[in-house]
Amino acid sequence: MNALHRRLCRSERWAARMHGEVLPWALEGVDLGGDVLEIGPGYGVTTHWLAERAGALTAAEVDPRLAKDLGRAMGERVDVRTADGTRLPFADASFDAVVCFTVLHHVSSPAAQDRVFAEAARVLRPGGVFAGSDSRRSLRFRLLHVGDTMVVVDPATLPDRLRGAGFHVATADAGERSFRFRAQR
């Protein structure tokens with residue numbers, strides 16, 4: 001991520017938007033009471049919110065430095081692992097819910113995004129839910145990602161991609177600046 005993007009993702013303003021708007025909307029009706037996996041927590045803004053609501057929370061972060069910092073910040077409340085969402089180091093059917101927020105557009109290609117979806121399906125228990133949100137394409141979003149990986153997911157095609165990854169039921173709802181998705185194994 002570029003310097004502006006890193007600063008935004010650590011800001012109080014971003015945390016307030018995520019905690020007050022995006023997370024409650026994206027996870028409306030999702031049961032977080034069991035074993036929950038968060039893919040791509042980054043600086044941990046979403047992890048802090050989830051830790052107050054999830055049963056047992058595990059976070060898989062690809063960046064070793066961010067994973068180490070988040071592990072130190074969360075202590076024993078969250079099991080933070082350095083792991084790639086396309087190759088999760090967890091057994092099949094390990095989690096009741098898998099979540100990710102503003103991560104998918106950082107995945108290098110649609111094929112790699114589809115591997116993240118397949119891994120989420122693999123590690124979910126039968127009946128488990130994969131849920132989250134990501135940003136929609138806009139000029140502001142593009143400017144924020146100058147020099148960054150930015151592979152925007154089209155919410156109109158996402159349900160078919162999720163079903164192709166092994167989910168039985170999949171939906172995506174677009175808001176003004178972001179979209180949420182839900183898929184069930």
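All of the numbers you see were taken from the coordinates with simple rules; none came from a lab. Bear in mind that the values here come from a model prediction, so they are computed numbers and not experimental data. We place every Cβ from the backbone using ideal geometry, glycine too, and count neighbours over all the protein chains shown.
Candidates are the residues of segment 62-102 that are in contact with a strand residue (DSSP E or B) (Cβ under 7 Å, 6 or more places away or on another chain) and at positive phi; the one that is surrounded by the fewest Cβ atoms within 10 Å (Cβ to Cβ) is A93. Within the span defined as segment 98-110, one or more residues are of a type outside the set (S, T, N, Q) and over 14 Å from the mean Cα position of the chain (by Cα). On inspection, A54 does not qualify as farther than 23 Å from A172 by Cβ and under 16 Å from the mean Cα position of the chain (by Cα). Among the residues examined, A51 does not qualify as in contact with a Pro (Cβ under 6 Å, 6 or more places away or on another chain) and on the phi < 0 side of the Ramachandran plot.
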